[in-house]
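The next block holds one structure in the form of structure tokens; read it before the comments.
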Amino acid sequence: MKEFITACPRNCYSTCSLVVQVDKGKVVGINPLPLNRATPFGGCLKGLSYVERANSPDRIIYPLKKVNGSFKRISWNEALETIAEKLIHFRDVYGQKSVLFYAASGMAGLLNDFSGKFWRYVYGGATTVYGNLCWPAGLEATRLTLGENKHNVPWDLENAKLIVLWGKNPAESNVHEMIPLNNALDKGAELLVIDPRRTQSTQRATLLLQPYPSTDAPIALAVANIIIQNGWIDSDFIKQHVHGFDQFAEHVKPFTAQWASNISGVPVNLIEKLAWYIGNVKPMTLIPGYGMQRYTNGGQTVRAILALSVITGNIGKPGACWHYANLQSYVFDDVLEPLCYYPPDKPDGIMRRSISTARLGEDMLATKNPELKMIWVERGNPLTQNPNTGKVLEAFRKLDFRVVVEQFMTDTALEAEIILPAKNMFEQSDIVGSYWNPYIQLKQKVVEPAGEVKPETEIYWWLAQKLGFNEADLSNILLPPGDEHVDRYLDSKLREFNLSLEELRKGPILAPGLQEIAFSDYRFPTPSGKIELYSEQVQTLWGENPLPTYKPAVELFHNQTPYPLFLMSPNTKNRIHSQFNNLKVISMISGAPVLQINPADAIQRGIGDGDLVEIFNSRGSFRVKAQLTYEVRVGCVVIPNGWWRTQGAPVNVLSEGRETDMGHGSAFHNNRVEVKLVKRKP
Ligand SMILES: Nc1nc2c(c(=O)[nH]1)N[C@H]1C(S)=C(S)[C@@H](COP(=O)(O)OP(=O)(O)OC[C@H]3O[C@@H](n4cnc5c(=O)[nH]c(N)nc54)[C@H](O)[C@@H]3O)O[C@H]1N2
Ligand SMILES: Nc1nc2c(c(=O)[nH]1)N[C@H]1C(S)=C(S)[C@@H](COP(=O)(O)OP(=O)(O)OC[C@H]3O[C@@H](n4cnc5c(=O)[nH]c(N)nc54)[C@H](O)[C@@H]3O)O[C@H]1N2
Ligand SMILES: [Mo]
């Protein structure tokens with residue numbers, strides 16, 4: 001048996017370092033690597049389930065072609081020739097832009113960049129998407145305010161005396177954060193949580209505020225007002241480092257706790273307590289989550305909350321930070337690819353046309369001159385994860401040809417004409433960063449690809465040859481097949497930072513130039529060089545008020561609607577979005593999907609625990625069992641995102657494709673629904 005050091009490449013804060021055990025060419029064990037100070041205890045349950053995931057009989061390991069509605073195995077030659085023929089046909093008849101290249105967050109790594117290179121330089125352009133499903137409203141809000149997205153190293157949390165989890169649920173979405181968090185609490189820190197749900201992260205909280213979804217900005221503005229009125233601000237910090245404080249102070253004067261309470265449903269007393277803690281207990285680490293910004297007012301909400309860290313001087317010190325996203329380990333531009341977007345007004349020169357990720361279905365259908373004819377999907381599951389599944393499905397089915405590169409038979413793969421088998425994390429080396437832990441890590445190749453699996457870099461190499469390119473032309477653009485080319489490429493990237501692949505094989509390396517205490521140099525790369533509570537750019541780039549304000553979220557508060565309940569679809573412990581739940585070890589624990597509803601709302605509808613209910617709105621519906629729980633705020637219902645349609649709770653059939661106010665994010669949570677009883681539990 002051999003052991004290799006590697007890192008989990010999933011889209012997750014933790015990005016754990018792992019030790020993989022390999023025996024006779026198979027992954028047989030996953031162990032922790034204590035060398036990584038952020039993830040010393042290694043993988044979560046999902047991480048441990050890689051043993052099953054790598055060896056699962058359900059994996060797609062050969063190219064497949066849909067024939068009369070079912071998939072049959074074909075050769076690589078047939079698959080690539082069929083695809084090349086289509087690509088040439090669509091290019092000749094409609095132009096390259098009739099092909100949509102769609103990639104999402106299924107696998108992190110530097111080599112993903114080669115996919116973009118194929119579509120740009122080999123095929124000569126394509127339509128692509130801008131924006132992203134995840135975190136951009138908060139990234140942009142933070143960038144516009146602080147100039148950069150970074151935070152203190154994870155273990156610095158132990159130095160905090162006050163920890164505020166504002167719409168983040170690390171007990172599920174970032175389990176390793178619970179280690180320094182609990183250590184801080186053991187040393188006497190206080191934990192405050194603001195979340196419409198009473199999550200597992202609230203167990204040791206001093207205070208829990210349960211606002212209606214999307215009403216955090218009123219709370220933050222009222223808290224700022226109270227802090228300023230009581231003189232709990234850090235005047236020296238403000239004088240030296242803050243731009244626009246006077247305007248901000250004037251701006252928040254009308255925002256009383258009573259006003260915030262009326263909107264959010266949080267009692268005045270709790271809002272005042274929150275203000276007291278934030279104004280008086282230092283140092284404070286404020287941890288905003290990503291769920292809280294997936295609303296049409298998400299960017300401004302994040303700016304309003306961030307103002308609380310700013311006026312109390314809780315930035316740039318041990319134990320004090322704004323803990324949104326730490327991009328310090330993304331030192332290679334290419335790793336930043338998932339962050340890049342090419343909105344229509346900022347074309348990158350070759351792709352020339354892009355459509356909104358948030359409105360994928362609507363935009364695909366509306367695209368003209370040329371219309372879309374083909375889609376290529378890799379590292380994503382848009383038929384489960386993007387808003388408004390009905391529209392995405394309609395748009396998919398209107399195309400002439402669909403290619404999906406996948407490991408498993410997802411909702412999206414089921415729609416393909418051709419499925420190409422995707423590599424897993426053990427079958428090709430790559431370098432990964434993390435948006436929480438501060439290391440650069442090597443995700444090592446530890447086994448040969450299963451069956452006929454080829455990594456994307458090779459798929460594109462062979463496809464390019466079918467398009468008439470020869471090896472000499474290609475070697476300047478793409479990566480030739482063979483581990484030695486991958487290693488050489490990764491090593492050359494590392495050399496730019498005086499690092500080497502050899503070093504990285506031994507374990508994670510702290511990102512070059514890492515600031516353990518972010519902004520400890522008090523340099524804020526904004527236009528004014530200071531923290532911008534007042535940001536001109538908020539207006540010029542996004543047409544929003546330069547000061548943080550509250551706008552009621554579309555659909556949730558704007559319309560008269562027959563759908564009274566707020567639908568929440570957060571992330572859940574034992575999946576990364578739509579991944580993992582198909583594995584036996586995971587499904588054994590997560591069971592069947594349920595709709596969580598507060599007993600007060602259930603009783604009104606004659607619904608009991610375990611009854612079969614239908615959840616619906618104007619966009620779609622499905623049936624699922626109800627689970628009555630006080631963990632959910634009255635007026636809200638909860639189904640975590642990520643269940644495949646074939647697993648029973650495809651929550652995005654209910655969501656609308658809308659962009660957030662900043663950053664071209666996806667406002668997943670602006671949805672109202674109704675629930676009705678279908679059948680009593682037997
Ligand atoms: N186990 C697991 N871990 C993951 C992931 C996963 O799928 N599974 N996904 C990864 C990815 S890609 C992401 S983006 C992160 C996201 O992880 P988090 O940042 O924790 O985000 P969410 O789980 O979407 O939402 C966090 C909390 O916000 C609450 N919330 C929702 N709306 C509001 C609101 O309006 N106000 C307030 N105050 N709270 C609100 C939800 O109830 C939820 O408990 O997790 C990463 N880690
Ligand atoms: N309703 C609702 N919807 C949401 C959210 C929400 O809060 N509510 N959250 C959103 C968020 S935060 C995110 S980040 C998105 C995530 O959206 P996606 O990135 O689309 O989500 P995943 O479910 O991780 O799907 C990734 C797919 O990539 C495949 N894959 C893994 N590795 C590879 C590889 O190496 N090559 C290829 N070709 N494929 C691979 C996996 O098998 C999986 O099917 O979902 C969003 N959707
Ligand atoms: Mo995400």
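The values are calculated or read from the model by the stated rules, or taken from the named source; none is laboratory data. Nothing here was measured: the structure is a model prediction, and the numbers come from that model. Methodologically, a virtual Cβ is constructed for each residue, glycine included, from the backbone with ideal geometry; neighbour enumeration extends over all protein chains shown. SASA here: full protein model, heavy atoms, side chains in, ligands and nucleic acids out. Shrake-Rupley method; radii C 1.70, N 1.55, O 1.52, S 1.80 Å.
Does residue 394 satisfy the condition of being within 16 Å of ligand 2 (Cβ to nearest atom) and of a type in the set (Asp, Glu)?
no
Yes/no matrix, rows are residues, columns are (1) open to solvent by less than 10 Å² (accessible area, probe 1.4 Å); (2) within 28 Å of residue 285 (Cα to Cα); (3) among the hydrophobic types (A, V, I, L, M, F, W, C); (4) within 16 Å of ligand 2 (Cβ to nearest atom):
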site	(1), (2), (3), (4)
85	no, no, no, no
88	no, no, yes, no
110	yes, no, yes, yes
115	yes, no, no, yes
119	yes, no, yes, yes
126	yes, no, yes, no
150	no, yes, no, no
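Identify, please: which residue in the range 397-410 is surrounded by fewer than 23 Cβ atoms within 10 Å (Cβ to Cβ) and more than 20 Å from residue 85 (Cβ to Cβ) and is, among those, nearest to ligand 1 (Cβ to nearest atom)?
Ranking the candidates gives 408 first.
With a cut-off of at least 3 residues that are closer than 28 Å to residue 249 by Cα, more than 16 Å from ligand 3 (Cβ to nearest atom) and of a type in the set (A, V, I, L, M, F, W, C), name the helices (runs of 4 or more DSSP H) lying wholly within the range 146-230.
Passing ranges, in order: 216-229.
Rundown of residues vs (1) farther than 21 Å from residue 141 by Cα; (2) open to solvent by 10 Å² or more (accessible area, probe 1.4 Å), yes/no style:
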{"position": "539", "(1), (2)": "no, yes"}
{"position": "542", "(1), (2)": "no, yes"}
{"position": "555", "(1), (2)": "yes, yes"}
{"position": "571", "(1), (2)": "yes, yes"}
{"position": "580", "(1), (2)": "yes, no"}
{"position": "583", "(1), (2)": "yes, no"}
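Test residue 84 against the criterion of being within 16 Å of ligand 3 (Cβ to nearest atom) and in the same structural domain as residue 369 (by TED's automatic domain parsing), and give yes or no.
No.
Any chance the range 537-553 includes a residue that's under 25 Å from the mean Cα position of the chain (by Cα), under 29 Å from residue 385 (Cβ atoms) and within 16 Å of ligand 2 (Cβ to nearest atom)?
The answer is yes, given that some residue of the range 537-553 is under 25 Å from the mean Cα position of the chain (by Cα), under 29 Å from residue 385 (Cβ atoms) and within 16 Å of ligand 2 (Cβ to nearest atom).
Residue-wise test of (1) in a helix (DSSP H, G or I); (2) open to solvent by less than 20 Å² (accessible area, probe 1.4 Å); (3) not assigned by TED's automatic domain parsing to the domain that holds residue 302.
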position: 588; (1), (2), (3): yes, no, yes
position: 596; (1), (2), (3): no, no, yes
position: 601; (1), (2), (3): yes, yes, yes
position: 607; (1), (2), (3): no, yes, yes
position: 614; (1), (2), (3): no, no, yes
position: 625; (1), (2), (3): no, no, yes
position: 630; (1), (2), (3): no, no, yes
position: 637; (1), (2), (3): no, yes, yes
position: 657; (1), (2), (3): no, yes, yes
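Among (1) more than 16 Å from ligand 2 (Cβ to nearest atom); (2) farther than 30 Å from residue 668 by Cβ; (3) out of contact with any Ser or Thr (no Cβ under 8 Å at 6 or more places or on another chain), which single condition is residue 76 missing?
Exception for residue 76: condition (1).
Tell me whether the range 45-66 contains one or more residues that are among the polar types (S, T, N, Q) and out of contact with any strand residue (DSSP E or B) (no Cβ under 9 Å at 6 or more places or on another chain).
Yes, because at least one residue in the range 45-66 is among the polar types (S, T, N, Q) and out of contact with any strand residue (DSSP E or B) (no Cβ under 9 Å at 6 or more places or on another chain).
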